[in-house]
Structure formats: C-alpha cells, structure tokens
Amino acid sequence: MIARLWHGRTRLSDADKYAEFMKVRAAPDYGSVDGLERLYFLRRDEGDVAHFLLVTLWDSMGSVRQFAGDEPEKAKYYPEDDDFLLEKEETSALYEVFLEK
C-alpha cells in the first residue's frame, strides 16, 4: 500500500469554503480512481492560517499514477485552488505502508 500526503494552506477566512470545495470537487475526483483505499482530509487552524493535509492510501503505485500521472510525487491542483491556496507546493510525499493495524 502507498500513502500519499499533500499539504496546503489557506487564509483562515477561506478555510470553510476550501473545506467544502475539497468535499465537493476533490473527493469525487480521488474516489473516481480504482485503487483508492482510504481518503483523509485533515485541517488545523493556526493563527490566521488553516493548514490542510490530504492523506490518501492506494493499493499500488500504479493506482497513484492513475490519479497523479507519470510523476506521482508531483502535486495535483484544480483551477479553483488558485482562489484559496496561499502557495502551491510542488510535490506530495509518497510513503510505502509497511504495517497497518
């Protein structure tokens, strides 16, 4: 299993709208790819910034590539992200899951 982690930041004033956007736009996109095992959208507010962490678990690197393309560590963005994100991190982190309980 492969874990893929992506981090993004918004202004706190945009965080609720971004969270809703993620539910409506991103979650269905992730879910449309065979091999997605689990999806976690996490949020942490810090001062006037909200941090978002997306953790996805995939059955194989092939499934990650189906979602992300030929460069699976390259972050995937939607046009609407420009309205919310303070910056766009270039990569997502990939980890091999070696133990699950």
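Nothing in this text is a laboratory measurement; each read-out follows from the coordinates by a stated rule. As the structure is a computational prediction, the values presented were derived from the model and not from experiment. Ideal geometry is used to build each Cβ from the backbone, glycine not excepted, and the neighbour counts take in all protein chains shown.
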Checklist outcome for this item: Projecting the Cα atoms of 91, 27, 47 onto the charge dipole of region 2-96, where Lys and Arg contribute +1 and Asp and Glu -1 at Cβ, the residue farthest towards the positive end is 27
Next on the checklist: Is the C-alpha gyration tensor of region 43-101 telling us rounded, prolate or oblate? Criteria: a/c under 1.5 is rounded; beyond that, a/b larger than b/c is prolate, otherwise oblate.
Outcome noted: oblate
Checklist entry - Among 18, 78, 40, whose mean-square fluctuation peaks in a Gaussian network model of the chain (Cα, cutoff 10 Å)? => result 78
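Where the only charges are on Cβ atoms (+1 Lys, Arg; -1 Asp, Glu), what is the dipole of region 2-96 about its Cα centre, to the nearest 20 debye? Mind dumping the intermediate values first?
Values: 13 positive and 21 negative charges, 42 e Å.
Here the size comes out at about 200 debye.
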Next on the checklist: Give me the net charge for the shell around residue 23: Cβ to Cβ below 15 angstrom, other residues only, Lys and Arg +1, Asp and Glu -1.
Outcome noted: -3
Checklist outcome for this item: Binned at 5 Å starting from 0, the alpha-carbon pair-distance distribution of region 2-96 in whole percents comes out as 3, 14, 26, 26, 18, 10, 4, 1
Item to check | Zone of residue 1's modelled label, taken as backbone nitrogen in region 58-101 under 18 Å from a point 7 Å along Cα→Cβ | outcome: 58-65, 93-101
Checklist entry - Amide H to amide H under 5 Å from residue 92: which residues, 5+ apart in sequence or cross-chain, H placed 1.01 Å off N in plane? => result 74, 75
Checklist outcome for this item: Residues of region 73-101 with backbone N under 16 Å of the label point set 7 Å from the Cα of residue 61 along Cα→Cβ are 73-74, 92-98
Item to check | Pairs of lysines in the chain (C-alpha under 27 Å apart; 8 or more residues apart or interchain) | outcome: 9
